[in-house]
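Remarks on the structure that follows.
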Amino acid sequence: MSASVPASAPGSVTVAMLLADARLPSGGHAHSAGMEPAILGGLPVAEVPAFLVGRARTTSLVEAGSAVVARRYALDGRSLVRVARAWAARTPSPAMRDASRVLGRGYLRLAARTWPASAALRTLRAAPEAPPRALVLGAIAAAAGMSAEDLVRLTVYDEAHSAAAALLKLEPRDPADGIRWVLDACASVEHLVPLLAELTTPDAIPAAGAPQAEGWAEAHALMNQRLFRA
């Protein structure tokens, strides 16, 4: 735990559970983590488990790596500008970048009340452009004393669970199916958690792309009728 975090602060896992809680009023309920774009783009429901695993191994690793490096920079008191640029370079879809910034604003509203003393979070709130979710999560992790490994798991889980929860509104089914798929997606990258947790520089952030998901996201952004923002 960071030396700047009070001894009475909640544990790293507790903070991770809070941020992963779907009841948290941060706007995540309006985000399908790519599920609605995929379904509307023609993804068969039978292929959703593979979609979740694929997302966990690509875009989720970019998010997790960016969050870890942002955490390191926040702990060191360094500007997050380089981290933001590295994240943007690895997130080529404007629609996906916009959706991430909407989520980032939601987390920043929470952070303003919960971790008001964090210099990194104050800087992000004052930035002319809303920061992406990954940077805000990294700054929150630094302020709350969350470990890098818990941060990686949180980021991957949040994406997978958001997508599975959205599927229940798009194609109603037994919720137990989605839980199994979420666990499988998270398990598929568990062996990478220690490696991602050790990242310290923007250049080391994974650059795994998902061109099909990016195409679906861009098409989805042009639709007038949709349940989710992205």
Q: Please go through segment 122-143 and pick out each residue that is among the hydrophobic types (A, V, I, L, M, F, W, C) and crowded, with 24+ Cβ neighbours inside 10 Å.
A: 124, 134, 135, 136, 137, 139, 140, 141, 142, 143
Q. Is it true that some residue in segment 205-212 is under 18 Å from the mean Cα position of the chain (by Cα), at pLDDT below 95 and under 24 Å from residue 18 (Cβ atoms)?
A. no
Q.
Quick test of your reading of the structure: residue 100 fulfils all but one of (1) hydroxyl-bearing (Ser, Thr, Tyr); (2) crowded, with 24+ Cβ neighbours inside 10 Å; (3) farther than 24 Å from residue 222 by Cβ. Name the failing condition by number.
A. (3)
Q | Options 85, 109, 78: the member that is part of a helix (DSSP H, G or I), at pLDDT 95 or above, over 17 Å from residue 33 (Cβ atoms) and of a type in the set (D, E, K, R) | A | 85
(Q) On the basis of being on the phi < 0 side of the Ramachandran plot and in contact with a Pro (Cβ under 7 Å, 6 or more places away or on another chain), does residue 102 make the cut? (A) no
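Specify the residue that is modelled with the lowest pLDDT; the eligible residues are those in segment 28-67 that are hydroxyl-bearing (Ser, Thr, Tyr) and in contact with a Leu (Cβ under 9 Å, 6 or more places away or on another chain).
Selected residue: 32.
The values are calculated or read from the model by the stated rules, or taken from the named source; none is laboratory data. Because the structure is a prediction, the values reported are computed rather than measured. Quick reminder, even Gly has a Cβ in these numbers, built from the backbone with ideal geometry, and neighbours come from all protein chains shown.
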